[in-house]
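The values are calculated or read from the model by the stated rules, or taken from the named source; none is laboratory data. Please read these numbers as outputs of a predicted model, since none were measured by experiment. Here the Cβ positions follow ideal geometry from the backbone for every residue, glycine too, while neighbour counts run over all protein chains shown. For the accessible areas, the whole protein counts, side chains as well, though only heavy atoms, and no ligand, DNA or RNA atoms are used. Shrake-Rupley method; radii C 1.70, N 1.55, O 1.52, S 1.80 Å.
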Amino acid sequence: MNTYPSKLFLAAAWLQPGLKSLILVAVATLFPMMASCSNDDNDGNQPTLNAQITSYNEFGAAMLDVKEEDMSKAGFTLGDVISIAIDGKEIVMPYYDGYYTRNGEYLCVAYPTYPSICFTANNTGLPKELTGLEGHSIVIKMQEKGGKIDVQKALSMKYANQRDAYPTLTDAEYANARAVTAGNIASGVLHRASSPFCNDINRAKYVSEYLERLQVKTVLNLADTREMMLSYDMPPYSQSLWEGGNVIMCQLKADPTADDYNKRLIEALKELTARPAPYVVHCMEGKDRTGYVCALLEGLCGATYNEIVDDYLLTYDNYYQINPAKAPALCKTLVSLRLNTCLMHYAGITDESLLPTVDYAKAFASYLLAHGMTQQQVNALVRALQPL
């Protein structure tokens, strides 16, 4: 509010005799108006924070010069819906401590291992027009306090890396290792697990023992590069699989919609058909990347939507002891945000409500054909998973 004309009026009034009462009325009226205008300019005292883009990380996220404690002091908490204004453009997004949106959706992240706050589009990185803006100022504003707190709570669950923290689980369950039998996949042919090579989450030993007991012969590794593999202190059976040339390397991001994901996965699946069973698919936790690939193989072999969902959610029971019976709303959120996006991509549909009606064997075969497999190669993959 521009108060300068009011000040001129007051100064002139003091020069006029007999206007003292008028001055008192004017002061009493104008000061509250000025205070009210000041509050309006601050958007009703809603949290606002000025920041600057300092750099971009390897995933295409814009790193800012503020940390989670700065956000907290300004009045922002995890689960809020905020907006980020930059160069005349305002983007509305949730504020989380992890990548809890669907692929390509914007979010602001206070990731525990990052040195500062960042914002990005999940798994795809920022679009070209929002890159190369180091040094540009942004304004963070509140849009809806706690607007996404349910998602924050659902997806920020933590699990333990100590075996004795899970006394009711078997070693295999603790390692998130199990057979995949949905649809017509033959018993004992396909398995999924957390990493048998990298021990960052203290499960490699148990996975390796599981694989040895079942004499798994071929590994589809979705997590590592060859350089990473050379740095690991592997359990004995895992080491023998690696040294024996029995590991198919297929490092993926958890974004099934990416061209690179499709290309790498198709090449790996072609190779899988030439290798002996039993097979195991793994990433680090055996959760998302593993879940997405296993969902594809399950659907290709005739699994229903419910079978695919049930297998996917077993991982959350193993790590967090949650399941549809204990936490139906939470499991529904997890499936919708994670698994369903992947299934819609494979099936070539955009309506999530149609997922229970999809003919997955037909739809997923079409996906493989569209991304570089021949009909003979698709048939070979099906035969490898459900041999006569």
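Can you say whether T333 is among the hydroxyl-bearing types (S, T, Y) and outside any helix (DSSP H, G or I), as far as the supplied structure shows? Write out each step before concluding.
Numbers: among the hydroxyl-bearing types (S, T, Y): yes; outside any helix (DSSP H, G or I): no.
So T333 does not fit the description; no.
Going through region 130-152 one residue at a time, which ones are of a type outside the set (A, V, I, L, M, F, W, C), in contact with a Gly (Cβ under 9 Å, 6 or more places away or on another chain) and on the phi < 0 side of the Ramachandran plot?
Once the filter is applied, which keeps residues that are of a type outside the set (A, V, I, L, M, F, W, C), in contact with a Gly (Cβ under 9 Å, 6 or more places away or on another chain) and on the phi < 0 side of the Ramachandran plot, region 130-152 yields T131, K145, G147, K148, D150, Q152.
For the list (1) at pLDDT 95 or above; (2) under 23 Å from the mean Cα position of the chain (by Cα); (3) open to solvent by 50 Å² or more (accessible area, probe 1.4 Å), I need the number of the one condition that M63 fails.
Failing condition for M63: (3).
Taking V378 and the conditions (1) part of a helix (DSSP H, G or I); (2) farther than 26 Å from V219 by Cβ, which numbered condition does it fall short on, given that it satisfies the others?
Among (1) part of a helix (DSSP H, G or I); (2) farther than 26 Å from V219 by Cβ, V378 violates only (2).
When you scan region 192-222, how many residues do you find that are open to solvent by less than 10 Å² (accessible area, probe 1.4 Å) and in contact with a strand residue (DSSP E or B) (Cβ under 9 Å, 6 or more places away or on another chain)?
So the count comes out to 15.
May I ask you to list the residues in region 223-245 that are outside any helix (DSSP H, G or I) and open to solvent by less than 70 Å² (accessible area, probe 1.4 Å)? Full working, then the answer.
We begin by selecting, within region 223-245, every residue outside any helix (DSSP H, G or I); these are 223-225, 231-235, 244-245.
Correct list: A223, D224, T225, Y232, M234, P235, G244, G245.
Looking only at region 100-118, which residues are under 24 Å from A258 (Cα atoms) and in contact (Cβ under 8 Å) with a residue 60 or more places away in the chain?
Passing the criteria: Y100, T101, R102, N103, G104, C118.
I'm trying to understand the selection: among the residues of region 67-97, which are crowded, with 16+ Cβ neighbours inside 10 Å and free of Cβ contacts under 8 Å to residues at least 60 places away in the same chain?
Listed by number, the residues that qualify are E68, D70, I84, I86, I91, M93, P94, Y95, D97.
I'd like the full set of residues that are among the small types (G, A, S) and open to solvent by less than 70 Å² (accessible area, probe 1.4 Å), limited to region 131-174.
Correct list: G132, G135, G146, G147, A154, S156, A160, A165, A172.
Filtering region 98-108 down to residues that are outside any loop (DSSP other than H, G, I, E, B) and open to solvent by less than 20 Å² (accessible area, probe 1.4 Å), which residue is farthest from K141 (Cα to Cα)?
L107
Take V189 and tell me if it is open to solvent by less than 10 Å² (accessible area, probe 1.4 Å) and β-branched (V, I, T). So that I can check it myself, show each step before the final result.
Details: open to solvent by less than 10 Å² (accessible area, probe 1.4 Å): no; β-branched (V, I, T): yes.
Criteria not met by V189.
Evaluate region 326-344: report whether one residue or more is modelled with pLDDT of 95 or more and open to solvent by 40 Å² or more (accessible area, probe 1.4 Å).
No: zero hits.
For G125, work out the one condition from (1) buried (at least 17 other Cβ atoms within 10 Å of the Cβ); (2) over 15 Å from Q152 (Cα atoms); (3) modelled with pLDDT of 95 or more; (4) within 20 Å of the chain's Cα centre (by Cα) it doesn't fulfil.
The failed condition is (3).
Has region 309-326 got any residue that is of a type in the set (G, A, S) and touching a residue at least 12 places away in the same chain (Cβ under 8 Å)?
no
Consider only pairs whose beta carbons are under 6 Å apart and that are at least six residues apart or on different chains; among these, list those whose first residue lies in region 128-154 and is closer than 18 Å to V109 by Cβ and whose second residue is modelled with pLDDT under 95 and surrounded by fewer than 16 Cβ atoms within 10 Å (Cβ to Cβ).
Listed by first residue and then by second, the contacts come to M142/Q46.
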